[in-house]
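The structure under discussion appears below in the form of structure tokens.
Derivation of every value follows stated rules applied to the coordinates shown; laboratory data play no part. These figures come from a predicted structure and were not determined experimentally. Glycine also receives a Cβ, built like all others from the backbone with ideal geometry; neighbour counts cover every protein chain displayed.
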Amino acid sequence: MELLAQLAQVTGEDQIAFGEAVSAGFAYGLAAIGPGIGIGYLVGQSVQAMARQPEAAGMVRTTMFLGIAFTEALALIGFVVFILLKFA
């Protein structure tokens, strides 16, 4: 409660900086949700494919790692946007 009372007294440029920090953190949080869900789904489906056809496990694993890399690139792009919003 004391923190809320202190935030209520913040005015001017400090309030703007606080809003920018909160919005940048929120933007990165939203940018990380999608890749997190995507990677989880991708790995789950890859494990299921390997269980159904063990002889194709090598090809499925390679494709899975490529998919993880591309999906993780989305989270990195979100992090770059976070940094741009925070410091630009």
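Overview of values
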{"quantity": "Label-point separation, Asp14 to Leu84 (7 Å along Cα→Cβ), nm", "calculated": "3.1 nm"}
{"quantity": "For the chain, built as a Gaussian network whose Cα springs stay under 10 Å, the top-fluctuating residue of Ala24, Ala56, Ala32", "calculated": "Ala56"}
{"quantity": "Farthest toward positive dipole pole in the chain [+1 Lys/Arg, -1 Asp/Glu at C-beta], among Gln53, Ala73, Pro35", "calculated": "Gln53"}
{"quantity": "Given charges at Cβ of Lys, Arg, Asp, Glu: the chain dipole, positive-most of Met64, Ala17, Phe87", "calculated": "Met64"}
{"quantity": "Rounded to the nearest 20 debye, dipole of segment 13-87 from Cβ charges on Lys, Arg, Asp, Glu", "calculated": "400 debye"}
{"quantity": "Which label in (i) -0.29, -0.47, -1.06; (ii) -0.23, -0.39, -1.02; (iii) -0.45, -0.60, -1.02 gives the computed log10 I(q)/I(0) by the Debye sum over Cα atoms at q = 0.10, 0.13, 0.23 Å⁻¹", "calculated": "(iii)"}
